[in-house]
Amino acid sequence: MTLTQQIITIALCTAGTVLTRALPFLVFTPGKAVPPFVRHLGKALPVAVFGMLVVYCLKDVSVMTGNHGLPELFALDVTIGLHLWRRQMLLSIAAGTLCYMILVQFVF
Amino acid sequence: MKLKAFKAAFPYTIPIFAGFWFLGLTYGIYMNVLGFSFVYPMMMSLVIFGGSLEFVAAQMLLSAFAPLQTLLVALLIQARHLFYGISMLDIYNNTGWKKYYLIYGMCDESFSINYTVQVPDGVDKGWFMFFVTLLNQLYWVTGSTIGGLLGSLITFNTQGLEFVMTALFVVIFLEQWLKEKQNYTALFGVLSAVVCRLIFGSSSFIIPTMVCILFLCTVFRKPIEHAGEKE
């Protein structure tokens, strides 16, 4: 690939990204009323997407082989348990991550 | 006003700092090992600002020039942002000129924080979201630049640090779960993703998952809206 071709490739990746981020704002401009169905989606989608992102983060965990996803399971329990108890975002994240690091480095 | 918003925003970005520096360094090192100068990861993180696509783009740069395929792959990998935009329409539209940067920098993490966080009284929501987005991009760009500069020179025992991103999304998911009056949509998201992951494999399940979520949210619109209005 020449330098120009490389620049075009990177520009196209940028264009694809910007387009997916901007499209809803381009279609539903502030002056126009947002259709009720889209409004419904705007409210319904976020929590579904957060669920999807959690699964995305864990997509390469194999339950059948290796350590059977046990470090992930333990660390998730710590994160969720601590968060339900204290509701301190940073604390839950730090403790869960530390727990996971200790498990994969020293235990499994 | 700006300082106040910055001080409110910074703590929320600390986990992302850890995650982005780790992933950014990894990306920079990856590019370095493939033979690219640090300018590549630096510029790509600055303009593309989308982790998974940047890793794929590295492979594209090493293959034959295929512009149409490049654009198509970029759109497929980034399609989930469409959902973020639909959810942020009202929130971002009230921020003046900052709207353009907020949309440009709307990665998974910035969207998650900006959608979820209830900004304290007296803090400007627009500036708060602006600083969350800016700090996140700063972490990502500096991480990948340093990784690209140092390359494989650095060896560090950070095995498992990537879990910080999982923990972040779990906590945000949990917060949203506790806040919502209905939990159908939360379950739709998790179940669709798990089923699609099992059927389509780990590298191509996001688009099918999005289709499933969209389908379920359409079919069950009435019960979702009804449950959401209770109390």
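Numbers for the structure displayed
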| quantity | calculated |
| --- | --- |
| Single condition residue B:169 does not satisfy, out of (1) open to solvent by 60 Å² or more (accessible area, probe 1.4 Å); (2) not assigned by TED's automatic domain parsing to the domain that holds residue B:34 | (1) |
| Matching residues, the stretch B:178-231, being over 19 Å from residue B:83 (Cα atoms) and hydrophobic (A, V, I, L, M, F, W, C) | B:178, B:195, B:198, B:199, B:200, B:227 |
| Residue selected from the stretch A:26-40 under the condition of a type in the set (A, V, I, L, M, F, W, C) and surrounded by fewer than 20 Cβ atoms within 10 Å (Cβ to Cβ), by the criterion farthest from the other protein chains (Cβ to nearest Cβ) | A:33 |
| The stretch B:93-109 - residue that is modelled with pLDDT of 95 or more and more than 10 Å from every other protein chain (Cβ to nearest Cβ) and, of those, most open to solvent (accessible area, probe 1.4 Å) | B:97 |
| Cβ-Cβ under 6 Å pairs, at least 6 apart or on other chains, the stretch B:58-87 side over 27 Å from residue A:29 (Cβ atoms) and not assigned by TED's automatic domain parsing to the domain that holds residue B:212, far side assigned to a helix (DSSP H, G or I) and open to solvent by 50 Å² or more (accessible area, probe 1.4 Å) | B:65/A:5 |
| Selection within the stretch B:152-166 - of a type in the set (Gly, Ala, Ser) and loosely packed, with under 15 Cβ neighbours inside 10 Å | B:152 |
| Leading residue by the ranking (farthest from the chain's Cα centre (by Cα)) among those in the stretch B:177-189 that are open to solvent by less than 20 Å² (accessible area, probe 1.4 Å) and at pLDDT 90 or above | B:185 |
| Residue check, residue A:49 assigned to a helix (DSSP H, G or I), surrounded by 23 or more Cβ atoms within 10 Å (Cβ to Cβ) and at the interface with chain B (Cβ under 7 Å from one of its Cβ atoms) | yes |
| Residue match in the stretch A:85-104 (condition: in a helix (DSSP H, G or I) and over 23 Å from residue B:22 (Cα atoms)) | yes |
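The values are calculated or read from the model by the stated rules, or taken from the named source; none is laboratory data. Just so it is clear, the model here is predicted, and its values are computed rather than measured. Backbone-built Cβ (ideal geometry, glycine too); neighbour counts: all protein chains shown. Note: accessible area is taken over every heavy atom of the protein model, side chains too, but ligands, DNA and RNA are not part of it. Shrake-Rupley method; radii C 1.70, N 1.55, O 1.52, S 1.80 Å.
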